[in-house]
Amino acid sequence: MKTRILPVLAVVTLSMSSCASIITGTKDDLTFTSSPPGAKVYVKNVEKCVTPCTVAVQRSLSKSTADFKLDGYKDQSVALEKKFNAVTLGNILIGGVIGVGVDAATGSLTKYAKKSYEVELESN
């Protein structure tokens, strides 16, 4: 009886794992700078930091932008570039559909391609 339970538990554990979420996490540290410094940086309409800064940004499957705002200057947006997270391929062998689903739900199917974004703000 015990010899049957162990393999079943192993299969259940592996099928519920999510490689990319566990190995690479669900956030990336992104650095934002602006000229002049002191701009507020918003991601998904949430203020994240004031330039220059480095902040952990949640990964997402949807398109994301960083919006820079500074009094006396025009607001500026930059697209946060993403690429496929190759670690996700491990789920095909280990985690199966459930693991890939968890990675999709946490945004870990992708990661940010660029880790640094710089903007030159124009005065009003």
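Read-outs: derived from the displayed coordinates by stated rules, not from any lab. Everything quoted here is computed from the prediction, not taken from an experiment. Glycine also receives a Cβ, built like all others from the backbone with ideal geometry; neighbour counts cover every protein chain displayed.
Details
- For Ser62, the shell of other residues with beta-carbons less than 13 Å away shows a net charge of +4, using +1 for Lys and Arg and -1 for Asp and Glu.
- Among 99-112, 63-76, the peptide with the highest mean count of other Cβ atoms within 10 Å heads the list, and the full ranking is 99-112, 63-76.
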